[in-house]
Amino acid sequence: MTDLFSKFDPLIEQRRALLETGLTDPFNLVMEKVLSPTVAICNGRETILLGTYNYMGMTFDEDVIAAGKQAFDDFGAGTTGSRVLNGTFHPHRDVEAALREFYDMDHAMVFSTGYQANLGIISTIAGKGDYIILDIDSHASIYDGCKMGDAEIVAFRHNDVGALEKRLKRLPAEAGKLVVLEGVYSMLGDVAPLREMVRISKEHGAMVLVDEAHSMGFIGANGRGVAEEQGCIDDVDFIIGTFSKSVGTVGGFCVSNHPKFEILRLVCRPYVFTAALPPSVMASSATSVRKLMHGSNKRAHLWENSKTLHKGLRDLGFQLGTDEPQSAIIAVIMPDLERGAMMWEALLKEGLYVNLARPPATPAGMTLLRCSLCAEHTNEQVQDILDRFERAGKAVGII
Ligand code: PMP
């Protein structure tokens with residue numbers, strides 16, 4: 001018998017070697033208690049959270065929590081079924097209405113996660129004989145959506161408008177084409193040149209899907225994302241989003257103005273063949289989405305936090321993923337995995353949680369400490385964060 005697990009041996013060995021040095025496992029952290037969107041107890045210690053994607057701090061919003069509790073009482077704990085059978089409750093319809101209002105679009109379809117939204121939409125709309133043209137640094141859920149479908153996949157260099165155009169030019173004019181982009185790329189926190197990319201895609205007869213997971217609620221005049229900010233949202237055919245970041249709950253969605261969009265509810269397998277989210281989550285999400293429509297004060301403070309942290313880290317001598325802060329994600333580039341893991345642990349001991357990101361999730365084989373800011377981080381917390389980075393960076397020898 002061939003052990004099917006032998007393919008994991010290199011990873012098992014790498015993990016063993018890392019943990020043998022006595023390092024805390026960076027991928028096994030437990031939040032023992034969560035006190036607020038920005039503070040939790042981890043390993044018995046009060047810890048500032050700087051790696052949660054909880055951009056707008058909605059996880060503890062009292063209206064969001066109250067809506068969920070009410071839905072527990074009114075609808076019970078779960079749906080026990082697919083959206084197309086017994087799993088559509090009033091809150092599912094309501095959250096879709098909230099999304100249509102938020103994006104000012106005709107259609108909204110909610111999935112159990114953002115991962116499933118990408119999986120479902122991409123694999124369903126791009127079929128045999130069609131082409132998917134995607135940025136090489138696309139999220140795993142986009143790649144998995146491509147793998148699940150039958151379309152030809154063409155990747156282009158990250159954020160390179162010329163490379164996208166070159167690829168599009170080479171494709172048969174009459175073939176169906178879907179260009180897949182992200183507003184903010186989550187590894188480095190950089191923003192896509194959507195305006196140019198959408199224009200070129202349209203010139204070549206392609207439909208465009210933009211994953212705005214990391215910009216919803218924060219970027220754009222109404223928080224609709226980078227496509228809104230760059231003035232090209234009307235030319236985007238499909239926006240994918242998630243409730244697991246700014247909205248503060250869980251779930252994924254697609255919004256669109258395509259006149260035939262609703263047919264997807266019958267043909268999209270990751271929508272049909274899985275249970276619908278609990279009504280409590282849907283009611284909390286609907287309340288959160290509606291509150292995000294009036295979040296401009298919070299957005300301004302989040303930008304301030306992002307700018308302060310970016311400048312502070314750069315002044316301390318850290319190498320960052322972008323020259324200027326472009327989003328609420330700031331990536332600190334580590335020299336290698338070993339020192340990245342040491343730095344991650346030193347920060348945790350200082351009472352600061354960030355995400356350790358490593359290949360293959362990262363571009364160019366980089367090890368990153370990813371910081372995601374929250375509108376609820378106070379100025380004092382951001383200063384504390386910088387002090388902790390300085391102490392940890394000096395202790396590990398990175399600065
Ligand atoms: N798209 C992007 C760009 C993401 O970063 C993520 C999650 N990190 C997802 C989709 C998936 O979202 P969810 O957590 O709702 O599955």
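The values are calculated or read from the model by the stated rules, or taken from the named source; none is laboratory data. Treat the numbers as computed from the prediction; the structure is a model and nothing was measured. We place every Cβ from the backbone using ideal geometry, glycine too, and count neighbours over all the protein chains shown.
See the values below:
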| read-out | value |
| --- | --- |
| Strands (runs of 3 or more DSSP E) wholly inside the stretch 235-335 that include at least 3 residues being within 16 Å of the ligand (Cβ to nearest atom) and closer than 20 Å to residue 375 by Cβ | 329-334 |
| Flag for residue 82 being at pLDDT 95 or above, under 17 Å from residue 267 (Cβ atoms) and among the hydroxyl-bearing types (Ser, Thr, Tyr) | yes |
| Helices (runs of 4 or more DSSP H) within the stretch 94-180 that include 1 or more residues among the polar types (S, T, N, Q) and assigned by TED's automatic domain parsing to the domain that holds residue 272 | 114-125, 140-148 |
| Residues located in the stretch 147-161, provided they are within 16 Å of residue 206 (Cα to Cα) and out of contact with any Leu (no Cβ under 6 Å at 6 or more places or on another chain) | 151, 152, 153, 154, 161 |
| So residue 191, is it closer than 22 Å to residue 324 by Cα and touching a Ser or Thr at 6+ places or on another chain (Cβ under 7 Å) | yes |
| Subset tally (residues that are touching a Lys or Arg at 6+ places or on another chain (Cβ under 8 Å) and under 30 Å from residue 280 (Cβ atoms)) for the stretch 220-238 | 1 |
| Evaluation of residue 27 against (1) surrounded by fewer than 13 Cβ atoms within 10 Å (Cβ to Cβ); (2) within 29 Å of residue 377 (Cβ to Cβ); (3) of a type outside the set (Asp, Glu); (4) more than 16 Å from the ligand (Cβ to nearest atom) (one fails), failing number | (4) |
| Residue within the stretch 121-136 that is within 26 Å of residue 290 (Cβ to Cβ), aliphatic (A, V, I, L, M) and within 16 Å of the ligand (Cβ to nearest atom) present | yes |
| Residue 188 being surrounded by 21 or more Cβ atoms within 10 Å (Cβ to Cβ), outside any loop (DSSP other than H, G, I, E, B), within 16 Å of the ligand (Cβ to nearest atom) and not small (Gly, Ala, Ser) | no |
| Elements of type strands (runs of 3 or more DSSP E) in the stretch 6-68, at least 2 residues being in contact with a His (Cβ under 6 Å, 6 or more places away or on another chain) | none |
| Close pairs from the stretch 25-53: first not assigned by TED's automatic domain parsing to the domain that holds residue 248, partner surrounded by fewer than 13 Cβ atoms within 10 Å (Cβ to Cβ) and assigned to a strand (DSSP E or B), Cβ under 6 Å, at least 6 apart | 41/32; 41/33 |
| Counted residues, the stretch 318-348 - those being more than 22 Å from the chain's Cα centre (by Cα) and in contact (Cβ under 8 Å) with a residue 60 or more places away in the chain | 8 |
| Qualifying positions in the stretch 200-232 - part of a loop (DSSP other than H, G, I, E, B), in contact (Cβ under 8 Å) with a residue 24 or more places away in the chain and away from the ligand (no atom under 16 Å from the Cβ) | 204, 205, 206, 222, 223, 230, 231, 232 |
